[in-house]
Amino acid sequence: MSVAAPQALDRGAVPWLFATALIATAPHFFHQPEWLTGLALLIFGWGGWLWWRGLRLPGRWWLVALVVASCAGIVLQFRSLFGREAGLALLVVFTAMKLLELRSRRDAAVVTVLGYFLLLTHYFHSQSILTGAWLFAASLIVTATLIRLHGGPNSRLLPTLRYAALLTVQAVPFMLVLYLLFPRIGGPLWGLPQDAYNGRTGLSGSMSPGSIANLAQNGDIAFRARFESTPPSRGRLYWRGPVLEEFDGQTWKAMDALALARPDISGQDPPLRYAVTLEPHNQRWLLALDAPSTWPADSRLLANLTLLGNRPITQRQRIELTTTLDYRFNVQESGTTLQRALRLPAGRNPRAQALGQSWRETIVDPGSRVEQALTLFRTGNFVYTLTPPLLAGDTMDEFLFGTRRGFCEHYAAAFVVLMRAAGVPARVITGYQGGELNPLDGYLVVRQSDAHAWAEVWLAGQGWVRVDPTAAIAPTRIESGLAEAMPGSDALPALVALRQDWLRSLRFRWEALNNGWNQWILGYNPERQRELMGRLGLPDADWQTLAKWLFGACGLVLLLVSAWTLAHRPRLDPAQRLWRRASARLGRRGIDCPEWMPPLAVLARVEAGQPALAPAFRSFVEHYLACRYGPGPTNLKALRRALAALP
Amino acid sequence: MPVFSVSRDHPLAPLIAAANQVILGKEREIRLALACLFAGGHLLIEDLPGVGKTTLAQTLAALLGLRYHRIQFTSDLLPADITGVSLYQRETGDFRFLPGPIFAQLILADEINRATPKTQSALLEAMEEGQVTAEGETRPLPQPFFVIATQNPAHQIGTFPLPESQLDRFLVRLELGYPDREAELALLASGGQRTRAASLTPLLQPADIPVLRQATATLHAAPPLLAYVQALVEATRRQTGFLHGLSPRAGLGLLAVARAWAWLEGRDMVLPDDVQAVLPAVACHRLRSAQGGGHATPEDIGALIRSVPIP
């Protein structure tokens, strides 16, 4: 068996291959160690320079050395050549290196296949709209490269791109069918996007001065909520997160041991129904408005009103909730809980403790002690600021009697310390306050910058009552949001501080789009698929049924496309059809007659190649020419007879 | 039904045979030249000096029985040298027009690209209009009026290459090329053919030519054939190999020459074979190759033909 010589690659195809390799690897540059990105870019640059100057590609030993060096680097970095990150790094570097050995069309084909494969790997890192758009454009470029490779040096840029776009558009129906009908498995197909786990900001189970102010500078979305009726006013939107009861003089912590008793809630108004779509925050708590009256089955409500899921939230999750906004909560509270809510570390913050104790001695009614503390905040020259001075040592003393500048966590913590010293059971609540209604899709968007800390005191006969000391200092923070409360502050994230209307509406649009993407594309899980199938009249479709429908639908699309193609096929003249048949017969006898070859030239070929066939074919050609090109009436019968006479 | 070539019985068979005796081994070129004449166009022969351009022109003139003038184009030739001048008559005291050499039925414009553009355009205007305007008076040219121009390849020293617009006035451009071995041996043995060309006797009368032109112009061209001509012309506009495509006038010319070719083959219909046979001669000088910008070569046209399926 002989091996065909590899077909040389034409020079004009090389930029296409560079574009393919670059667009397919580029998003990985943001996730890889810098040296890997640098190495890949260096190789790209080297290959590009060699192409530009028309120089020889590097020899085999260069490539071997590069492979060894990059493998060694990857092993050092990832402690392995296998696994996801190391494998991706290898793919990226090897794709770049393939550009150093572009000699034949086979090499070019390898680059395009690698390109298609690399496109899939980006979903490991992100599944956002931008990633989707980038990969769509990238697949277009890779397809265009493939077309260019087959089109040869004469193909032009625009027609090649147009053809690639046409192919992509034709693939869309199949894509939709596959997306909707391919049996879904729980969780995304590629495992989780990495950003679900790492570097997530959000509430933690503890709070110290400055921790929420840091969060306030983060414009990421924490969750979205959608109310079935009109959303309540902004001042009532307290989304409860972890309840912090333990204080060591510096840091507030949530309880380790969970109180398993069920809270006792008595609601006084009709419950409010809404759904929350939580961004992954890698913790177990869910965020609900006080006080929840129904919650999902795989979560439970703790005695301190924290809603806890069974597992950490590592992927975007939608939960349905109802809440009573006017409520009484644990009017009968257990003694241990009240004891805990009065505990202060001995010897810390002595001035604050002394102030609280003086209230306890002079003011009889606990409710008036609360009022006294809020009056202190209102009238004591306190300033609400995102950039409070650093506190050390007895932080609450320093804040209350020294700096008097703080963010919500300072006020909540100082308030609770004062209350506990004054003998009023109190605790810190962290969570989110407010949110921004997107008028386009009706979703309320709550960001990390809406993170907030407030307090809760227990009063006899009333149970736990929410007190927000921040409202005493900066009422606008609660009524209108952080941006209004902090005019001109450049510490706020740009997205939160937007004041221009058109920018705001642009942002609303983008977020509505993102939300739609999350809800409908990424959130298309087994439940949604089942729901859709149910609506299509296929309730309880198992994967076999889905597979049948999948193949059926793909077949239907193919059938429609072929029917359309057949219907739009150019109609052949009967004489010409007979000519095609004769050509096919000649083809079987080894005489090639392409469509551009005129009849007499074909006849000359037959006379030279198959003299035995010549007389019959000559008679056929005579009839054919008379029928198709002659001035007289067409005699198809004679032509058919002549064709039949062809051996 | 005459589908295949019936050269032996063709009325022009003796003429072609006689021309073939003089221009050895160039029957295809002779046929193309005749096809051009019967299609009503003018002929440009482009080749190196000494391959028989002038002999071909002389032979055709002699055999067709046309009144023949030869104009040798040089760089100092003036328009009036072609069209004629008015001279003062001492006896009568007025001016009398002396017609120039263009007043003939067949003009051999030898080495047309050695003349200045001004002189070239005088000839080309006459070719287009069929009349000459000299000193404010328009005079018709005799009929038939057929110009055979020869030119040396443009890269030779001392030439003014014809611009595109003027090249387009020539329906057919031929390259004669070197004779093959047998023809060259025969040529060497006979000691040159130009003397034989002068001794030829006419085989046609000038009055025959309009009749023959009429016969070719009405030859049957079926709709599929017209579609093929259109597809070819359109392909030159769509394909990337050429700078710009063929004009509609070129398409009409292609069909006319194909008709004449088919008529010379003795057919009563035009076939795709005829179109393909004449396409290089009609299209090469009207197309510029996208690579290099020079005129399209017969290989380019071959590639064009292979890219257009016959409808």
(request) May I ask you to list the residues in region A:144-162 that are crowded, with 16+ Cβ neighbours inside 10 Å and away from chain B (no Cβ under 14 Å)? (result) A:A144, A:T145, A:L146, A:I147, A:L149, A:L161
(request) Mind listing whichever residues of region B:261-287 are in contact with a His (Cβ under 9 Å, 6 or more places away or on another chain) and away from chain A (no Cβ under 14 Å)? (result) B:L264, B:C284, B:H285, B:R286, B:L287
(request) Sort out which residues of region A:297-332 are within 26 Å of the chain's Cα centre (by Cα), assigned to a loop (DSSP other than H, G, I, E, B) and of a type outside the set (A, V, I, L, M, F, W, C), and write them in order of number. (result) A:D298, A:N310, A:R311, A:P312, A:T314, A:Q315, A:R316
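Yes or no, residue by residue, for (1) under 27 Å from A:L513 (Cβ atoms); (2) touching a His at 6+ places or on another chain (Cβ under 9 Å); (3) modelled with pLDDT of 90 or more:
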{"position": "A:M97", "(1), (2), (3)": "no, no, yes"}
{"position": "A:L118", "(1), (2), (3)": "yes, yes, yes"}
{"position": "A:S155", "(1), (2), (3)": "no, no, no"}
{"position": "A:Y163", "(1), (2), (3)": "no, no, yes"}
(request) Taking the options A:L55, A:L42, name whichever one is in a loop (DSSP other than H, G, I, E, B) and hydrophobic (A, V, I, L, M, F, W, C). (result) A:L55
(request) For B:P210, state whether it is away from chain A (no Cβ under 14 Å), closer than 23 Å to B:G65 by Cβ, loosely packed, with under 14 Cβ neighbours inside 10 Å and touching a Pro at 6+ places or on another chain (Cβ under 8 Å). (result) yes
(message) Looking at region A:334-352, can you tell me whether even one residue there is outside any helix (DSSP H, G or I) and over 20 Å from A:D248 (Cβ atoms)?
(response) yes
(request) May I ask you to verify whether A:T385 is out of contact with any helix residue (DSSP H, G or I) (no Cβ under 7 Å at 6 or more places or on another chain), at negative phi and crowded, with 16+ Cβ neighbours inside 10 Å? (result) yes
(message) If I filter region A:79-99 for residues that are touching a Phe, Trp or Tyr at 6+ places or on another chain (Cβ under 8 Å), within 27 Å of A:L158 (Cβ to Cβ) and not polar (S, T, N, Q), do I get at least one hit?
(response) yes
(message) What's the number of the only condition in (1) within 12 Å of chain A (Cβ to nearest Cβ); (2) surrounded by fewer than 24 Cβ atoms within 10 Å (Cβ to Cβ); (3) not acidic (D, E) that B:A258 fails to meet?
(response) (2)
(request) Determine whether A:A392 is of a type in the set (A, V, I, L, M, F, W, C), outside the structural domain of A:Q448 (by TED's automatic domain parsing) and either closer than 19 Å to A:E456 by Cα or modelled with pLDDT of 90 or more (or both). (result) no
(request) Return yes when B:T195 is surrounded by fewer than 18 Cβ atoms within 10 Å (Cβ to Cβ), out of contact with any Phe, Trp or Tyr (no Cβ under 7 Å at 6 or more places or on another chain) and modelled with pLDDT under 80 and no when it is not. (result) yes
(message) Can you say whether A:L546 is closer than 30 Å to A:V169 by Cα, touching a helix residue (DSSP H, G or I) at 6+ places or on another chain (Cβ under 6 Å) and either modelled with pLDDT under 85 or surrounded by fewer than 13 Cβ atoms within 10 Å (Cβ to Cβ) (or both), as far as the supplied structure shows?
(response) yes
(request) Among residues belonging to region A:582-595 that are crowded, with 17+ Cβ neighbours inside 10 Å and more than 16 Å from A:A644 (Cβ to Cβ), point out the one that is farthest from the other protein chains (Cβ to nearest Cβ). (result) A:I591
(message) Take the conditions surrounded by fewer than 21 Cβ atoms within 10 Å (Cβ to Cβ) and over 30 Å from B:L12 (Cα atoms) and apply them to B:T240. Does it pass?
(response) yes
(request) Have a look at B:T83, B:T119, B:T74 and point out the one that is modelled with pLDDT of 85 or more, crowded, with 20+ Cβ neighbours inside 10 Å and β-branched (V, I, T). (result) B:T119
(request) Determine which single condition B:G191 fails, assuming it passes every other condition in (1) at positive phi; (2) away from chain A (no Cβ under 14 Å); (3) in contact (Cβ under 8 Å) with a residue 60 or more places away in the chain; (4) not acidic (D, E). (result) (3)
(request) Check A:V446 against each of (1) within 21 Å of A:M207 (Cα to Cα); (2) in a helix (DSSP H, G or I); (3) of a type in the set (A, V, I, L, M) and name the one condition it does not meet. (result) (2)
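For (1) assigned to a loop (DSSP other than H, G, I, E, B); (2) modelled with pLDDT under 85; (3) more than 30 Å from A:D394 (Cβ to Cβ), each residue gets a yes or a no:
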position: A:A213; (1), (2), (3): no, yes, no
position: A:F223; (1), (2), (3): no, no, yes
position: A:P232; (1), (2), (3): yes, no, yes
position: A:R240; (1), (2), (3): no, no, no
position: A:L244; (1), (2), (3): no, no, no
position: A:A261; (1), (2), (3): yes, yes, yes
(message) Can you tell me which condition A:N349 does not meet? The list is (1) modelled with pLDDT of 85 or more; (2) on the phi < 0 side of the Ramachandran plot, and all the others hold.
(response) (2)
(request) Only residues that are modelled with pLDDT under 85 and either among the β-branched types (V, I, T) or outside the structural domain of B:V278 (by TED's automatic domain parsing) (or both): list them for region B:211-240, please. (result) B:T240
(request) Tell me which of these A:G393 doesn't satisfy, since it passes every other one: (1) out of contact with any Leu (no Cβ under 9 Å at 6 or more places or on another chain); (2) part of a helix (DSSP H, G or I). (result) (2)
(message) Take B:A290 and tell me if it is within 14 Å of chain A (Cβ to nearest Cβ), of a type in the set (G, A, S), in contact with a strand residue (DSSP E or B) (Cβ under 7 Å, 6 or more places away or on another chain) and without any contact (Cβ under 8 Å) to a residue 60 or more places away in the chain.
(response) yes
(message) I'm trying to understand the selection: among the residues of region A:263-296, which are under 23 Å from A:S334 (Cβ atoms), more than 29 Å from the chain's Cα centre (by Cα) and not in a loop (DSSP other than H, G, I, E, B)?
(response) A:I265, A:S266, A:G267, A:P292, A:S293
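Here is a yes/no grid of residues against (1) among the acidic types (D, E); (2) free of Cβ contacts under 8 Å to residues at least 24 places away in the same chain; (3) farther than 30 Å from B:L252 by Cβ:
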| residue | (1), (2), (3) |
| --- | --- |
| B:A19 | no, no, no |
| B:L48 | no, no, yes |
| B:K53 | no, no, no |
| B:L56 | no, no, no |
| B:L63 | no, no, no |
| B:H69 | no, no, no |
| B:D76 | yes, yes, yes |
| B:T83 | no, no, no |
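The values are calculated or read from the model by the stated rules, or taken from the named source; none is laboratory data. Just so we're clear, the structure is a prediction, and the values are computed from it rather than from any experiment. Backbone-built Cβ (ideal geometry, glycine too); neighbour counts: all protein chains shown.
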